[in-house]
Every structure is written in structure tokens, then in C-alpha cells.
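The structure appears right after this line, and notes come after that.
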Amino acid sequence: MREAMKNANVGDDVYQEDPTVNRLEEVAAKKLGKEEALFVPSGTMGNLIAVLTHCQRGDEIILERDSHIYYYEVGGMSAVAGVIPRLIVGDRGILNPQEIRGTLRDENLHYPKTTLICLENTHNRAGGTIIPLKVTEEICQLAHQRNITVHLDGARIFNAAIALNIEPALLTKDVDSVMFCLSKGLSAPVGSILAGSKEFIQRARKNRKMLGGGMRQAGILAASGIIALEKMVDRLKEDHKNARILGEGLADISGIKVDLETIQTNMVYFDLQESSMDTFQFLPKLAEYNILGSPRPPTKVRLVTHYGISEEDIYTTIKAIKEIVRN
């Protein structure tokens with residue numbers, strides 16, 4: 001990636017004159033089965049651009065209660081886009097089409113207009129769980145019958161595709177727009193992609209500029225994204241294998257609780273409730289072993305497998321956690 005970045009042929013991407021960015025966008029759109037794509041600095045910006053492009057101020061959007069757009073994106077959908085979230089509790093992050101149907105209201109003077117449904121695949125806070133293809137199809141069919149668009153926060157959509165052994169375009173074919181991150185499992189240093197119809201991306205490009213996401217010689221960054229898409233997708237199965245080993249190993253430790261059914265991709269959530277520690281007592285002890293986890297207080301921790309983490313590292317981590325819990 002660094003070699004590709006050093007040798008990248010660049011131009012001015014604000015004027016769509018950067019050949020490396022243009023190539024990245026073409027490759028990404030093709031992989032997702034969409035007409036066009038847009039390179040953005042981050043997944044959070046990509047999701048916000050999608051909301052801005054699909055909605056008007058005062059509109060309502062439907063989201064899963066623990067979705068990343070609602071939980072981790074600083075309220076941008078309301079503070080910047082001016083839309084109102086309507087939350088539904090999912091089953092391990094997966095929305096039930098029938099619950100969405102029951103949530104949708106008829107047109108009424110007193111209600112905000114529902115213009116967008118946002119899905120997340122894989123679902124971060126649910127443990128990296130995958131939305132079944134059939135569920136996405138049913139939700140999109142329902143939404144489109146009501147003239148509602150669907151945006152997919154597919155930050156880790158390639159993890160879902162690899163786990164299901166299908167092309168990612170099958171997971172995105174029915175949604176109106178999709179965002180995915182180049183900078184997570186695909187290992188690029190920075191950047192995400194927003195994809196959709198040609199008309200959608202034209203409007204999204206203007207919103208990207210408004211948010212300050214218009215970059216100049218961005219081909220230096222896009223070059224790593226091309227490597228990510230061409231060389232880093234198939235190896236995601238290694239991350240999934242390591243996550244499964246980690247989850248099963250942790251499940252055997254007294255005081256640690258793991259829902260193995262949620263370990264479908266590269267995340268492992270575990271609960272310390274039955275031990276003598278909470279999240280913030282545990283994580284500093286884990287860091288003493290040079291292992292970092294994400295807090296999910298009061299008693300949960302998230303670990304993520306990725307490029308550079310070997311199977312040997314997984315067994316080292318299991319051993320370290322066993323020592324911490326026992327002591």
C-alpha cells in the first residue's frame with residue numbers, strides 16, 4: 001500500500017481530475033453493483049452524506065436502536081442533517097420487516113415524513129452479526145412500496161460477503177445507497193466509499209464538499225484503497241477464523257460469558273459480569289499484556305481480529321485473559 005501511495009498518479013479530485021481516485025470509485029462501484037461511487041474521508045462522513053442526500057430537514061429515519069449511525073456518529077443526522085431518528089430494537093442488530101411495517105405511519109399532518117430506513121451489515125454493537133440476504137430484500141421491498149429509500153451502513157460489508165461466501169453486490173443490490181470502509185478489515189490507512197445511482201452520487205458529491213470532504217490530490221490515499229479492494233478481501237476469512245478461536249477459548253474461562261452465536265465475522269464480545277471486574281478495571285490489566293480492547297460498559301469488552309493478528313496472537317490473548325480473571 002505504501003509503495004502504491006508513493007507512486008500514485010494524482011490530480012484534483014474536487015474537479016474529478018484525479019485518475020487514481022476515479023479508478024478507485026469505478027472499482028468500488030462495480031464490486032457493489034452500483035452505477036457510481038464516491039471516495040470520502042471516513043465512514044461517519046459517508047453515512048451523514050447519505051442522510052443529507054436522501055432526506056430533507058424534519059424528515060424521519062428508521063434505525064436499529066444500537067446502530068452505528070445513531071450510537072456513534074455524534075448525533076450528526078440531527079445536528080447537521082436535521083432529521084429525526086425513530087428507533088426499533090433488533091434481534092442481534094437485525095431489524096424485523098414486520099416491525100418496520102408496524103412502525104410506519106400513514107401520511108398525516110402531525111407526523112414527520114419517513115423518508116429513509118438505515119440498515120447496518122455487519123452490525124457492530126451486536127457483535128459483527130450479518131443481516132440475512134432475505135431480510136434485506138424484504139425490508140427494501142417494503143420501503144420502496146412506500147416510496148422510502150434504504151441506506152446500508154456496510155462498513156464491514158466485505159466481512160459479511162466473505163462469511164456468506166457470496167459476492168458483496170448480492171448484499172447491496174436492493175438498497176439505494178451503501179457505505180463501506182476501506183480502513184477497517186480491508187486495512188487501508190484512511191477512507192471509505194459511498195455508492196449508489198449516478199444521480200444520487202452527483203448530489204452526494206455536493207454534500208461531501210459542503211461538509212469539507214472535498215480533497216485535492218487524494219489519489220495518494222485512494223491508491224491504498226485500490227490495494228485494499230484487490231488484495232485484502234479474500235484474507236478476511238483468516239480474521240473470521242481467528243475470532244472464532246478466540247471466542248471459543250474465552251467461553252471456556254470461568255467468569256467470562258460469550259454468546260458464540262454472535263461470532264459470525266471478526267468481532268468477539270464478552271461479558272465480565274460473573275468475574276470480580278467491570279470493563280474499566282479489566283482493560284488496563286489487559287493493556288499490560290500489550291492487548292487492546294474496546295469498552296462496552298459496565299461489564300462488556302469488544303475484541304476485533306484484523307490483518308497482522310496471527311493465530312498465535314489469539315492463543316496469547318486467551319492465556320492473558322485467563323490469568324487476569326484468575327488473579
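Just so it is clear, none of the values below were taken in a lab; they were calculated from the coordinates. Just so it is clear, the model here is predicted, and its values are computed rather than measured. Methodologically, a virtual Cβ is constructed for each residue, glycine included, from the backbone with ideal geometry; neighbour enumeration extends over all protein chains shown.
A simple spin-label model places the labels of Gln16 and Glu99 4.0 nm from each other, with each point 7 Å out along Cα-to-Cβ.
The phi-based Karplus calculation (6.51 cos²θ - 1.76 cosθ + 1.60; θ = phi - 60°) puts the 3J(HN,Hα) values of region 95-106 at 6, 8, x, 5, 5, 4, 4, x, 7, 5, 10, 5 Hz, whole numbers, x for Gly and Pro.
What list do you get for Leu171, Leu211, Leu229 if you sort them by fewest beta carbons within 10 Å?
Numbers: Leu171 25, Leu211 16, Leu229 19.
So the residues, fewest neighbours to most, are Leu211, Leu229, Leu171.
Report the semi-axes of the equivalent ellipsoid for region 271-317 in whole Å, largest first, where each axis is √(5λ) for an eigenvalue λ of the Cα gyration tensor. Numbers along the way, then the final one.
Numbers: eigenvalues 86, 23, 18 Å².
Semi-axis lengths for region 271-317 are 21, 11, 9 Å.
Across region 41-54, coupling constants 3J(HN,Hα) worked out from phi with the 6.51/-1.76/1.60 Karplus curve, θ = phi - 60°, read x, 8, x, 4, 5, x, 5, 5, 4, 4, 4, 4, 7, 7 Hz, and Gly and Pro carry x.
As a test of the definition: which semi-axes, in Å, follow for region 1-57 when you take the square root of five times each eigenvalue of its alpha carbon gyration tensor? Largest first, please.
On the way: eigenvalues 118, 35, 27 Å².
Whole-Å semi-axes of the equivalent ellipsoid: 24, 13, 12.
Relative to the first principal axis of the alpha-carbon coordinates of the chain, what is the inclination of helix 311-326, with its axis defined by its Cα atoms, in degrees from 0 to 90 and to the nearest 10? On a 0 to 90 degree scale, this one is about 60.
If you take every residue apart from Gly196 with its C-beta less than 15 Å away from the C-beta of Gly196, what net charge results, scoring Lys and Arg +1 and Asp and Glu -1?
Values: positive: Lys30, Lys31, Lys34, Lys173, Lys198, Arg203, Arg205, Lys206, Arg208; negative: Glu25, Glu26, Glu35, Glu36, Asp153, Asp174, Asp176, Glu199.
Around Gly196, the charge tally is +1.
Relative to the longest principal axis of the Cα atoms of the chain, helix 219-231 runs at roughly 60 degrees.
For Gly128, the amide hydrogen comes within under 5 Å of the amide hydrogens of His123, counting only partners 5 or more places away or on other chains and with H modelled in the peptide plane. When the inverse distances between all different Cα atoms of region 235-284 are averaged and flipped, the Kirkwood radius reads 11.5 angstrom.
What's the magnitude of the charge dipole for region 2-231 around its Cα centre, counting Lys and Arg as +1 and Asp and Glu as -1 at the beta-carbon? Answer in Debye, nearest 20. Don't skip to the end; give the middle numbers.
Working: 27 positive and 27 negative charges, 63 e Å.
It works out to roughly 300 debye.
Starting from the Cα gyration tensor of the chain, take the square roots of the eigenvalues, sort them a ≥ b ≥ c, and report rounded, prolate or oblate (rounded when a/c is under 1.5, otherwise prolate if a/b is larger than b/c, else oblate).
oblate
Computed over all pairs of different Cα atoms, the Kirkwood value for the hydrodynamic radius of region 127-217 is 14.5 Å. Listed peptides 116-129, 99-112 appear in the order 116-129, 99-112 once ranked by packing, highest mean of other Cβ atoms within 10 Å at the front.
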